[in-house]
Each structure stands twice: as C-alpha cells, then as structure tokens.
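Below: one structure, written as structure tokens.
The values are calculated or read from the model by the stated rules, or taken from the named source; none is laboratory data. Worth saying up front: this structure is predicted, and the values here are computed from it rather than measured. Ideal geometry is used to build each Cβ from the backbone, glycine not excepted, and the neighbour counts take in all protein chains shown. All accessible areas refer to the heavy atoms of the entire protein, side chains included, with ligands and DNA or RNA removed. Shrake-Rupley method; radii C 1.70, N 1.55, O 1.52, S 1.80 Å.
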Amino acid sequence: MADGAGQWIDIAAADGGKFKGYLAIPASGSGPGILLLQEIFGVNASMRAVADYYAEEGYVVLVPDLFWRLQPGIELGYGEDDFKNAFGYYQRFDVDQSIKDSADALKALRARPELVGKVGALGFCLGGNLAYLVAARTDIDCAVSYYGVGIEASLGEAGAAKCPMVFHFAELDRFAPEAAREQIKAAFAKRPDVECYLYPGCDHAFAAPERPSFNKPATLMAHSRSIALFRKVLGPHYDLSTLWDAHTSLEFVTRSAEATMATMVAEPYVNHVPTMTGGVGYAELLRFYKHHFIPKTPQDTKLVPISRTIGADRVVDEMLFCFTHDIEIDWMLPGVPPTGKYVEIPLVAIVRFRGDKLYNEHIYWDQASVLAQIGLLDASKYPIAGVATAKKLVDEALPSNTLMKRWSESQPRAAE
C-alpha cells in the first residue's frame, strides 16, 4: 500500500464529542486489526507511514489522535523546536483519559466493515506505554510495545494484562533505563506469552527512520518479532511456502519477468550477495529480471531442495543450484564467457514477505566454488572445495577438513 493511502475517520468519544483517527486498509480490503498508538509527536507522517506499512502486511490499522483534548490534529516533526513542543504536550497529557479514548478507538475499529477477526495494539515511545495499558485495561487480543516510557510506574496492573505481549527495549535508552527494564521483565517473568527483547548498542527510537538513533538491523529484527506475535494471535495466515514456489516457478519454468514481479510488493528488492546483482524498486528489478536474470540463466538449471524453514514473515531455502555454464550468466558470472562446464553449488535464499507478496530476497552462495568449477580459480592453490561443497551437503559422511593440512596433527596417538 502506498504511503499516505489511508483516510481520516471520526471516532465517537464515550463522554461526548468526537476525534479523528487515521485508517489504513490492506489491498485485500479486509483483515485483522491493529490499534496503533502514537508517539509524543502526534499522528504525524511517521505514524501514518507505520500504519500504511502494517496495512501492506494485511492489517486494518487505526491511529487515533490521542492529543485531541489538548489540540486536535497535532503533527510534529523531529527538530529541536518540535521536541520542545512535543514535551510540552506530553507534560499536559492525561494518560488515564487517553486509555479511555483508545478504548473508544478500539470500539470504532471493531465496528469497521473491513475488520475481520481480532485486534492487537502497537505503540512506540509514549505509545509503547499506552499499548501496555490498553492490554491491562481493555480486551485487546495482543500488544507490542516499542521502547515504552513509564511502564514501570504502572506494573501494579501487570496482572490485568492477560493477552500475549512483546516488549522491545534499547540498551542505551535513558527514557527506559535498565532499572525500569528489569522491573518490567520481573513482573512478567512467569508469563511465557510475554517476550522481552533488548537491542544492544541501540538508543531510544531505534525503529524511527527519521531519527538519528535509527538502527536498521535492530528495526528489521524487531519487526519480525512483532509480526510473529501478530500472525500467531491475529493472523492473517499466508502459505509462504506455496507463494515462494509460485515465484520461483515463474522465474525458472514460465520465465516471465512481468509475472514474477506480480508476486512482489510495489517496491521490492533482490540482492545476490556474492555479486551484488539484483535491483531495488519495481523499475530496476523488472529490468534486471527481464534482461539479466531470466534470459541469462542456463536452460538446464535445476534447483534441488535440501531444507526449508518457514517463519512468520520469511522463508529460508537451502538448496543445490545446478547448471551448465553455456551462456554468460550476468547475475552470477558477469563478464565471464561460457565455459561449457557443469556446476553444482549450495545456495541459500532468505525471502522476506510483506503480507502475501515477496518484499525482498537475499541470495547467498560460495562464489569461489563456482569459479573453481569453471576453471577460473585453481583450487589446489587456495582453500576452495569446488563441487565437493555440493556433494558434502547431500552426504555428510564425506570427509571433513580436507583443506586443513594440519588436520593430521591433531590425530589421537595410539596408546604406547
């Protein structure tokens, strides 16, 4: 779903009046719900982008304007003046009233015709605390809290939070310091359905791309953990294995670039790590598939499955990749004329999905073993195993440590 594709709706407050909420709908038109709870900067472009992101994951997302009683429609950025204004609003913010407003927003979300099934809460910073409190004071079905500020002050309500939860904490976060984190962990220590994750070297707001503290690896890991909870409790449940098989069939059997792209999100990317080939975004990736991947992959290419691991948002495929080097393979051996050599290598594909569409592919193989098999590297001069890597992947009984000349030195000696 494109950024900003949502709509503003009215939410009725139980004590009278109404306030706004940003609603994002998945491409399918329906799905489980997520109540997204704002930072201290209001329902700004960043929060709306998060809502659109989770809509692409298959959820109906509502972001209520919880500052409406102070001033409706507050949207702040992350500059110095914005921070001052945000903290000013935060100091006047009535947390208890905001949970009542959140409950009204939850009621409005559940009444939407697009909503099918359960609803979870998701919050960042101030919203991270609110997500916990919503779990304690409403019948929300699960909750995810990112670096929630002030949760430790309300741990007397921990027993009322019956639903599964995930807490994400940053090691260097002065707003949620170690002492607070330890109190939260202790409060839920006997709850196997409550997970607490710490991100070393990260600071507050590590999942906000617009902030200096943004840490992409931690953000990716945290998102996968969040999606795992949402998928488990809320759904929607996608057959990622079948979706991946359909994608690879279009690449290697049907050999249609356009049909392959139709299985992917609007702006996907592919990275063949050893050669850094692939593409970022629809236009570049279509160009890659159409001109440099599909027609430049040998006709006798064979994928031999070894193992497959399926997670909440990704598939990890381990396979043998077998082919005859009878054309120039732009994506694997760019600039290398055909040698006619037959090649077998272990290959690993890590494929991430967003909803029922592929978002990205990270593909790994041992390039040295490829070069050895086509005669561009002399395996006798370097610690390279060549085709033996493929053979041993299938038959673990084949010898290990054959490249280690000192392996014999550790051989146990017979007793004298």
With -39,500 (n - 2.57) per DSSP H segment of 4 or more residues and division by the full residue count of the chain, the 222 nm estimate, nearest 500 deg cm²/dmol, is -8500 deg cm²/dmol
If R0 = 51 Å, then Ser410 and Ala45, at their Cβ-Cβ distance, give a FRET efficiency to the nearest 0.05 of 0.25
When DSSP assigns beta bridges and you keep just the ones with both residues in the chain, what percent turn out antiparallel, to the nearest 5?
60 percent
For the stretch 216-262, which whole-number percentage of the solvent-accessible area (1.4 Å probe, protein heavy atoms only) is attributable to carbon and sulfur atoms?
63 percent
Calculate, for the chain, the solvent-accessible area per residue in square angstrom, rolling a 1.4 angstrom probe over the heavy atoms of the protein chains.
47 Å²
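Can you bin the stretch 1-95 into rounded, prolate or oblate? Criterion: square roots of the alpha carbon gyration tensor eigenvalues sorted a ≥ b ≥ c, rounded for a/c under 1.5, prolate for a/b above b/c, oblate for the rest.
oblate
Does the stretch 324-416 come out rounded, prolate or oblate by the C-alpha gyration tensor, with a ≥ b ≥ c the root eigenvalues, rounded set by a/c under 1.5 and, if not, prolate when a/b is larger than b/c and oblate if not?
Note, shape of the stretch 324-416 comes out oblate.
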Under the 7 Å Cα-to-Cβ spin-label approximation, Gln7 and Lys162 lie apart by a distance in nanometres of 3.5 nm
Mean separation of Cα contacts under 8 Å, 6 or more apart, over the residue count of the stretch 5-81: relative contact order %
34 percent
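Given an 8 Å cut-off on Cα distances and at least 6 residues of separation, report the relative contact order of the stretch 110-222 as a percent. Each step should come with its number before you reach the end.
On the way: 209 pairs, mean separation 22.7, N = 113.
Relative contact order comes out at 20 percent.
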Quick check on the stretch 134-230: of the DSSP beta bridges with both residues there, what percent are antiparallel, nearest 5%?
0 percent
List the trypsin sites (Lys or Arg not before Pro) in the stretch 127-199 that DSSP assigns to loop (not H, G, I, E or B) and whose Cβ has at most 11 other Cβ atoms within 10 Å. Which are they?
Arg174, Lys190
Protection proxy ranking, peptides 259-268, 83-92, average beta carbon neighbours within 10 Å, highest first
259-268, 83-92
Mean separation of Cα pairs under 8 Å and 6+ residues apart, divided by the residue count of the chain: what relative contact order is that in percent?
10 percent
Ranked output for segments 55-63, 204-212 by mean other Cβ atoms within 10 Å, highest leading, reads 55-63, 204-212
The stretch 1-158 - percent of accessible surface contributed by carbon and sulfur, probe 1.4 Å
51 percent
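Could you sort 392-402, 70-80 so that the peptide with the highest average Cβ count within 10 Å comes first and the rest follow in order?
Values: 392-402: 10.8, 70-80: 13.5.
Ranking the peptides 392-402, 70-80 by packing returns 70-80, 392-402.
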